[in-house]
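Working notes, structure below.
The values are calculated or read from the model by the stated rules, or taken from the named source; none is laboratory data. What you see is a predicted model, and the numbers here were worked out from it, not measured in a lab. Neighbour counts run over all protein chains shown; Cβ positions are idealised from the backbone, glycine included. Each accessible area value is taken on the protein alone, full model and side chains, heavy atoms only, with ligands, DNA and RNA left out. Shrake-Rupley method; radii C 1.70, N 1.55, O 1.52, S 1.80 Å.
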Amino acid sequence: GGGVIGRYVDEPETYPNVAEFHTIRINQPSGFFYNTKTLRTICDLWEKRGSGLTNMHGSTGDIVLLGCKTEHIQPIFDDYSEAGFDLGGSGSCLRTTNCCVGPGRCEYACYDTLEACYNITNEFMDELHRPMWPYKSKIKFSGCANDCTGSIARSDISVIGTWRDSLRIDQDAVKEYAAKKFDIQGRVCDKCPTSCLKFNNETQELTVIAEDCTRCMHCINMMPKAIQAGKEKGATILIGGKSTIVQSAFMSSVVVPFMKMEVEDDFEEFKDLVRRIWEWWDENGKTRERIGETIFRLGMGKFLRETEIPTVPQQVFRPRANPYVFWQQDDLDKSGTALDGSKL
């Protein structure tokens with residue numbers, strides 16, 4: 001099962017004390033929030049039956065406990081289970097979900113990453129404990145586009161906080177920045193990737209062309225007292241991020257530009273999407289092939305159609321340079337309207 005990694009020495013007769021040196025992964029709390037009592041409990045239980053060596057944390061989460069014998073695996077699990085802990089993920093399963101500190105300490109969070117991580121972990125505990133897929137799958141939750149979990153590069157399913165309406169700008173605070181000789185034009189407007197911010201030197205007012213804003217967080221990072229995210233907050237769902245395995249490293253691609261991440265709705269829309277994605281990947285993926293690699297091999301169009309994810313402009317990275325464009329017949333109805341309701 002997931003959570004235990006077998007380690008064996010090639011020469012057990014030469015090194016009998018480490019002939020077996022298995023690794024145990026423990027599921028960490030959302031945002032890595034601990035108190036000292038919890039940390040002491042973890043260490044005391046590990047010293048009781050294991051080597052005492054720990055790794056806080058693994059590169060993508062988990063409390064990693066290094067070194068125990070085979071006969072101690074079940075007693076270690078029992079001890080940690082009684083203390084309120086559960087095993088983390090390892091093998092071809094859902095790996096331990098991970099999130100940033102979110103609303104616990106950060107004013108930029110566009111949804112409750114801590115609750116989302118905890119809720120989704122409990123929902124998919126069977127997928128975490130029982131390896132049954134072509135390879136591993138990771139979900140990471142970042143509260144904003146600063147992406148403090150690195151989800152866009154390190155997770156198969158990235159959940160990155162965003163907003164749907166326009167930036168909120170406090171013009172009085174903008175004038176304060178200008179009065180302190182802060183170079184608004186050079187450090188904010190000129191570095192905006194879509195040039196959607198305009199600063200008027202005469203009136204000292206900052207304006208935004210909302211439809212051009214990609215919500216990259218640069219202006220908010222530079223002028224947090226003057227610029228805030230919009231009020232209609234949620235998350236962008238991306239797919240396919242990973243390191244080099246079968247194919248080279250991939251960055252995640254947008255599949256759902258905006259989704260409400262409401263605690264009150266128990267994240268049902270997100271859970272339904274994840275189940276459809278996993279079902280498609282489990283049906284089509286090859287051994288040791290991550291979700292992004294399966295999509296790369298079979299095509300994003302096939303993935304979107306068979307998982308019933310509506311196609312939207314935000315899924316397109318750049319216009320096609322190839323003039324031979326082929327339309328799917330079922331993408332259009334007789335009136336020339338796409339299935340998602342948009343006119344083509």
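Odds and ends about this structure:
- Test: residue 119 is closer than 25 Å to residue 257 by Cβ, among the polar types (S, T, N, Q), open to solvent by 40 Å² or more (accessible area, probe 1.4 Å) and not assigned by the TED database to the domain that holds residue 25: no
- Residue in the range 216-231 that is charged (D, E, K, R) and out of contact with any helix residue (DSSP H, G or I) (no Cβ under 8 Å at 6 or more places or on another chain) present: yes
- Number of positions in the range 224-251 that are part of a loop (DSSP other than H, G, I, E, B) and surrounded by 22 or more Cβ atoms within 10 Å (Cβ to Cβ): 4
Condition check ((1) over 20 Å from residue 270 (Cβ atoms); (2) buried (at least 19 other Cβ atoms within 10 Å of the Cβ); (3) basic (Lys, Arg)) across all residues:
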position	(1), (2), (3)
136	no, yes, yes
154	no, yes, yes
175	yes, no, yes
197	yes, yes, no
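- Among residues of the range 63-113 being in a helix (DSSP H, G or I) and either touching a Cys at 6+ places or on another chain (Cβ under 6 Å) or open to solvent by less than 50 Å² (accessible area, probe 1.4 Å) (or both), the one that is nearest to residue 279 (Cα to Cα) is 113.
- Tally, over the range 139-174, of residues that are under 8 Å from the mean Cα position of the chain (by Cα), β-branched (Val, Ile, Thr) and farther than 16 Å from residue 216 by Cα: 2
- Of all residues in the range 156-173, those being open to solvent by 20 Å² or more (accessible area, probe 1.4 Å) and either under 23 Å from residue 247 (Cα atoms) or small (Gly, Ala, Ser) (or both) number 1.
- Test for residue 303: is it part of a helix (DSSP H, G or I) and open to solvent by less than 10 Å² (accessible area, probe 1.4 Å): yes
- All of (1) without any contact (Cβ under 8 Å) to a residue 12 or more places away in the chain; (2) more than 23 Å from residue 131 (Cβ to Cβ) hold for residue 244 with one exception: (2).
For (1) in the same structural domain as residue 138 (by the TED database); (2) in a loop (DSSP other than H, G, I, E, B); (3) farther than 26 Å from residue 130 by Cα; (4) at pLDDT 95 or above, each residue gets a yes or a no:
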| residue | (1), (2), (3), (4) |
| --- | --- |
| 12 | no, yes, yes, no |
| 34 | no, yes, yes, no |
| 37 | no, no, yes, yes |
| 46 | no, no, no, yes |
| 57 | no, no, no, no |
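- Within the range 5-41, considering residues that are touching a strand residue (DSSP E or B) at 6+ places or on another chain (Cβ under 6 Å) and of a type in the set (A, V, I, L, M), the one surrounded by the most Cβ atoms within 10 Å (Cβ to Cβ): 24
- Of all residues in the range 202-223, none satisfies being touching an Asp or Glu at 6+ places or on another chain (Cβ under 7 Å) and either open to solvent by 40 Å² or more (accessible area, probe 1.4 Å) or closer than 30 Å to residue 92 by Cβ (or both).
- Close pairs from the range 183-206: first without any contact (Cβ under 8 Å) to a residue 24 or more places away in the chain, partner among the acidic types (Asp, Glu), Cβ under 6 Å, at least 6 apart: 194/212; 196/212
- Among residues of the range 49-62 being more than 18 Å from residue 86 (Cβ to Cβ) and out of contact with any Leu (no Cβ under 7 Å at 6 or more places or on another chain), the one that is most open to solvent (accessible area, probe 1.4 Å) is 59.
- From the options 254, 263, 274, residue that is touching a Leu at 6+ places or on another chain (Cβ under 8 Å) and either open to solvent by less than 70 Å² (accessible area, probe 1.4 Å) or modelled with pLDDT of 95 or more (or both): 254
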